Amino acid sequence: MKLLEERIRKDGTVREGNVLKVDNFLNHQMDIELYKEMGQEWKRLFADKPINKILTIEASGIGMACVAAQYFNVPVVFAKKAQSINIEGEVYQTKIESFTHKRVYDVIVSKKFIGPDDHVLIIDDFLANGCALLGLINIVEQAGATVEGIGIAIEKGFQQGGKIIRDKGYDLKSLAIVESMDNGELKFRDE
Ligand code: 5GP
């Protein structure tokens with residue numbers, strides 16, 4: 001998606017440890033006009049899928065999932081990062097290792113909100129090593145629901161997550177794929 005690539009070029013900064021900082025428009029201050037364009041693009045990309053629910057993870061995924069949900073007319077469920085689990089039996093639970101914070105979180109979703117009849121679109125801001133997505137996929141599988149597709153804003157194509165998820169057969173669509181960012185110079189796939 002050219003608009004997102006241009007915005008990353010204009011306002012994104014490359015940090016140590018392969019971290020792309022986009023907090024002035026994507027995941028701290030949020031540009032809602034851009035979010036709308038992203039939501040419409042995901043709707044176009046997944047138009048043929050019988051999606052009835054969007055699943056994301058707190059915190060950065062929530063805003064873009066909510067804007068996208070307006071084009072799908074479906075509810076959004078977000079996975080919560082839990083410090084301790086005290087509602088055993090009532091939640092699906094998985095572990096996710098955070099790329100940016102280098103720690104492992106327990107992540108939960110109430111069993112009330114995803115079940116076998118659900119056809120889920122997973123949305124998140126970044127795809128790096130794939131841990132966050134594998135955790136969300138695991139929750140959908142525990143629920144007996146179907147992953148209809150995965151929409152990512154920015155995939156870092158030089159990390160392994162995209163290959164792992166596509167090799168498993170999931171319909172993964174990333175709006176911008178950063179192929180490399182060596183020495184702060186951004187290159188996108190397709191260029
Ligand atoms: P993964 O689990 O695929 O390794 O990483 C995905 C999660 O890590 C995303 O939900 C995102 O919050 C965070 N993340 C990964 N890489 C970056 C990055 O380069 N910049 C930012 N801002 N977040 C990232």
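Residue-level analysis places D23 outside the set of residues that are loosely packed, with under 12 Cβ neighbours inside 10 Å and either among the aromatic types (F, W, Y) or at pLDDT 95 or above (or both). E6 passes every criterion in (1) open to solvent by less than 40 Å² (accessible area, probe 1.4 Å); (2) free of Cβ contacts under 8 Å to residues at least 24 places away in the same chain; (3) more than 15 Å from the ligand (Cβ to nearest atom); (4) not aliphatic (A, V, I, L, M) apart from (1). Does E90 count as free of Cβ contacts under 8 Å to residues at least 40 places away in the same chain, more than 26 Å from F72 (Cβ to Cβ), open to solvent by 50 Å² or more (accessible area, probe 1.4 Å) and of a type outside the set (G, A, S)? Here the answer is yes, as E90 does meet what is asked. With respect to the conditions (1) within 10 Å of the ligand (Cβ to nearest atom); (2) surrounded by 15 or more Cβ atoms within 10 Å (Cβ to Cβ); (3) not polar (S, T, N, Q), L34 lacks only one, and its number is (1). Among the residues of segment 85-140, how many are in contact with a helix residue (DSSP H, G or I) (Cβ under 9 Å, 6 or more places away or on another chain) and among the polar types (S, T, N, Q)? Total satisfying the criteria: 4.
Within segment 38-56, being open to solvent by 60 Å² or more (accessible area, probe 1.4 Å) and within 16 Å of the chain's Cα centre (by Cα) holds for Q40, K43.
Taken together, the criteria exclude F113 from residues that are open to solvent by 20 Å² or more (accessible area, probe 1.4 Å) and within 13 Å of the ligand (Cβ to nearest atom). Considering segment 144-191, and only residues there that are open to solvent by less than 70 Å² (accessible area, probe 1.4 Å) and in a helix (DSSP H, G or I), the residue that is farthest from G61 (Cα to Cα) turns out to be G184.
The residues listed here are L121, L136; of these, the one that is of a type in the set (A, V, I, L, M), in contact with a Leu (Cβ under 7 Å, 6 or more places away or on another chain) and buried (at least 16 other Cβ atoms within 10 Å of the Cβ) is L136. Among the residues of segment 120-139, is there at least one that is acidic (D, E) and away from the ligand (no atom under 14 Å from the Cβ)? Looking for residues that are acidic (D, E) and away from the ligand (no atom under 14 Å from the Cβ), one finds none in segment 120-139, hence no.
Each residue in segment 88-129 was checked for being assigned to a loop (DSSP other than H, G, I, E, B) and within 23 Å of L175 (Cα to Cα), and 5 of them qualify.
The values are calculated or read from the model by the stated rules, or taken from the named source; none is laboratory data. Given the structure is predicted, the values throughout are model-derived calculations rather than measurements. Methodologically, a virtual Cβ is constructed for each residue, glycine included, from the backbone with ideal geometry; neighbour enumeration extends over all protein chains shown. Side chains included, ligands, DNA and RNA excluded: accessible areas come from the protein's heavy atoms. Shrake-Rupley method; radii C 1.70, N 1.55, O 1.52, S 1.80 Å.
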